[in-house]
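Chemist: Before anything else, here's the structure in question.
The values are calculated or read from the model by the stated rules, or taken from the named source; none is laboratory data. These figures come from a predicted structure and were not determined experimentally. Because the Cβ atoms are built from the backbone with ideal geometry, glycine has one as well, and the counts that use them run over all protein chains shown. We work out accessible area using only protein heavy atoms, side chains counted, and drop any ligands, DNA or RNA first. Shrake-Rupley method; radii C 1.70, N 1.55, O 1.52, S 1.80 Å.
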Amino acid sequence: MKKIERFSLAAFLSLFLLTFSPFSAQAKSEWRESETVRVSGLVENPFTITIESLKKMNVSERRNAAIVCASGETRQTMQSFRGVLLRDILDAAKIVMPNSRERGEYQILVRSSDSYNVLFSYDELYFGAAGDDILLVFEEDGKPIEKEGRFVLFCPSDKVTAPRLVKWVDRIEVSKINLAPSTAQCK
Ligand SMILES: Nc1nc2c(c(=O)[nH]1)N[C@H]1C(S)=C(S)[C@@H](COP(=O)(O)O)O[C@H]1N2
Ligand SMILES: [Mo]
């Protein structure tokens, strides 16, 4: 077979599998479902989080939290939930930072399958008080999360908790901010 023919056969087969596999059927009907979370970007060890892999990490259990909307309305309360610190997840991925003086320029974007995204800075996670509370939650009141995907990012110490609550989390991306040249460099 010629190279080109082999390539088109492979392309056809992958398309076929993508279109008709049971996975894509599920992805289509439950587009908000997020079975795993991909950790990627400026990290040494990109990896994929599953509920099983999270359970092997340092799991913390918290009690009595309310989902409070920006309007002040309490949407929901949770008696207990279990999750892993976003900081511990980043430590497992090992952020690549050749110059620590630039640490203030690193950012962590928590993304969801419906594109409701929340941004954290490296400094607030590692040096701020909220860093001890920003959790990727996988269990609520003793049960796996279902309606809101498998993973929900939540910061119980936020004054208003709903805006930084991310349901259907599917990606955590580490990047460095794009800076315009500083005036010093312009001179
Ligand atoms: N993935 C995702 N997470 C989200 C949102 C969303 O639209 N998508 N909405 C946010 C907002 S504005 C609120 S108030 C809370 C609760 O949203 P709900 O009451 O509409 O479920 O989830 C937050 N997290
Ligand atoms: Mo909201």
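Chemist: Of the residues Ser71, Ser100, Ser112, Ser121, only one is open to solvent by less than 40 Å² (accessible area, probe 1.4 Å) and among the hydroxyl-bearing types (Ser, Thr, Tyr); which?
Modeler: Ser112
Chemist: Which condition number in (1) surrounded by fewer than 18 Cβ atoms within 10 Å (Cβ to Cβ); (2) within 12 Å of the chain's Cα centre (by Cα); (3) closer than 23 Å to Val59 by Cβ is the one that Phe154 fails?
Modeler: The failed condition is (1).
Chemist: Restrict the check to the range 85-97 and report whether at least one residue is more than 16 Å from ligand 2 (Cβ to nearest atom), open to solvent by 50 Å² or more (accessible area, probe 1.4 Å) and assigned to a helix (DSSP H, G or I).
Modeler: Within the range 85-97, one or more residues are more than 16 Å from ligand 2 (Cβ to nearest atom), open to solvent by 50 Å² or more (accessible area, probe 1.4 Å) and assigned to a helix (DSSP H, G or I).
Chemist: Then there is this: Looking only at the range 52-66, count how many residues are surrounded by fewer than 16 Cβ atoms within 10 Å (Cβ to Cβ) and in a strand (DSSP E or B).
Modeler: Count: 6.
Chemist: Quick one: which strands (runs of 3 or more DSSP E) lie wholly within the range 115-167 and hold at least 1 residues that are within 15 Å of ligand 2 (Cβ to nearest atom)?
Modeler: Result: 118-121, 152-154.
Chemist: Take the conditions open to solvent by 50 Å² or more (accessible area, probe 1.4 Å) and at pLDDT below 95 and apply them to Glu146. Does it pass?
Modeler: yes
Chemist: Anything in the range 67-79 that is more than 8 Å from ligand 1 (Cβ to nearest atom), farther than 17 Å from Phe151 by Cβ and part of a strand (DSSP E or B)? List them, or say none.
Modeler: Result: Val68, Thr74, Thr77, Gln79.
Chemist: Here is a further query. Can you find a residue that is at positive phi, open to solvent by 70 Å² or more (accessible area, probe 1.4 Å) and modelled with pLDDT of 95 or more anywhere in the range 128-140?
Modeler: So far as the range 128-140 goes, no, none of its residues is at positive phi, open to solvent by 70 Å² or more (accessible area, probe 1.4 Å) and modelled with pLDDT of 95 or more.
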